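Have a look at the structure below, then the notes.
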Amino acid sequence: MPSIYYKDSNNDWVLLDLGSVQKGVFTATTSNYSYNFEEAYTGYVPIVVANALGNQEVKVTSVSSTGFIVQVEGNAVPCDIMFFAARGEAIPTFEEANGKQLLDYYLEQSKASSDAAQRIASYFNSSFGTMSWADMSKMSEVAAKFPSTFSGYVNKTRTVNMGSYGGSTVFRVAAINHDTNSSDKGAFTFIADKCIATHQMDTSNTTSGGWANCAMRSWLSGTVLPAMPADLQAVIATVNKVNTSGYGTSPTQDKLWIPSHTEVGFGGNEGSAYGIFTNNSSRIRQYNNSNTYWWLRSVGSSYIFRVVDSDGALGDSVATPTHGVVPGFCV
């Protein structure tokens, strides 16, 4: 059962006492459909919220203590509809409450309903940049089931306060349901639009152990990740990252990582390419407002890691210089 909110006399959203709510789901089989409660709601003045669990628009045309009548626009029947009835509380519609009071219910329905997934994708399309990270984490479960429904979310952005590591940094959705893990979460892959800092890949010029054992990976997980907003940290998914064969463990499990040469569009078999990287220009990243080299987690040889150079082309570097860091994470 989802949380349900209503507006009080101060026009604030207040959590409704679920003990005072009657609820149910039914299927409308005609465009003007009468639904009778199993028994009269004694003492209730039912305020009914009827939402098609799909794209159909549904209006409540009549309400009493024994039932109600709904009108399904466009004769789009049969369709599944849910309702709530409370003691006179004005329960808002899905749209009026910014989706809060029905989000959990719709998420559950969407796992078996592409129509419900489409409704979620359409509704949150305009508020993606400001919705809570907790709600985005829930929505990622929908995107994991119906990734094509959320294909339009690629290139959407969120600003993250990285503290001393980049300040306000724009992160861009690089792909939908691209990085695998053991849950339905993590469908939105974010990659930074700029370098958040410069750092060594490792403290000596060797690639022994590769990404799995390098200083960069330890710094990201032990220093940078804890500096990120707590509500974001709480929902970042641990995902499997494929790494250069023969250098350390492949795959690794990471919350914060840097891309491979394959993921930024240079070929190879370390994962697959993110759609936002289409040419050299799309790979250019800046640090302190200047184009710069930035690290990839890929190994080139026994002493070389791969980098993206300041023109967006593939390059090489020994491990000890401080090049730019472009992190990614999944929600």
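Quick notes on this structure:
- Solvent exposure of the range 203-319 as accessible area per residue, Å², 1.4 Å probe: 41 Å²
- Label-to-label distance for Ser151 and Ala313 is 3.3 nm, based on points extended 7 Å past Cα in the beta-carbon direction.
- When the Cα gyration tensor is reduced to axis lengths a ≥ b ≥ c, the ratio a/c stays below 1.5 for the range 214-331, which is therefore classed as rounded.
- Under 5 Å, built H, 5+ apart or other chain: amide partners of Gln200: none
- Available extension along the chain between Asn213 and Ser34 is 57.9 nm, counting 0.36 nm per residue and deducting the alpha carbon span.
- Dipole size of the range 132-229 about its Cα centre, with +1 on Lys/Arg Cβ and -1 on Asp/Glu Cβ: approximately 160 debye, rounded to the nearest 20.
- Rounded to the nearest whole Hz, the Karplus-based 3J(HN,Hα) values (6.51 cos²θ - 1.76 cosθ + 1.60, θ = phi - 60°) of the range 205-217 follow the sequence 7, 9, 10, 4, x, x, 4, 4, 10, 7, 5, 4, 4, with x at glycine and proline.
The values are calculated or read from the model by the stated rules, or taken from the named source; none is laboratory data. This structure is a prediction, so every number in the text was calculated from the model and none was measured. Virtual Cβ from ideal backbone geometry, glycine too; neighbours counted across all protein chains shown. We work out accessible area using only protein heavy atoms, side chains counted, and drop any ligands, DNA or RNA first. Shrake-Rupley method; radii C 1.70, N 1.55, O 1.52, S 1.80 Å.
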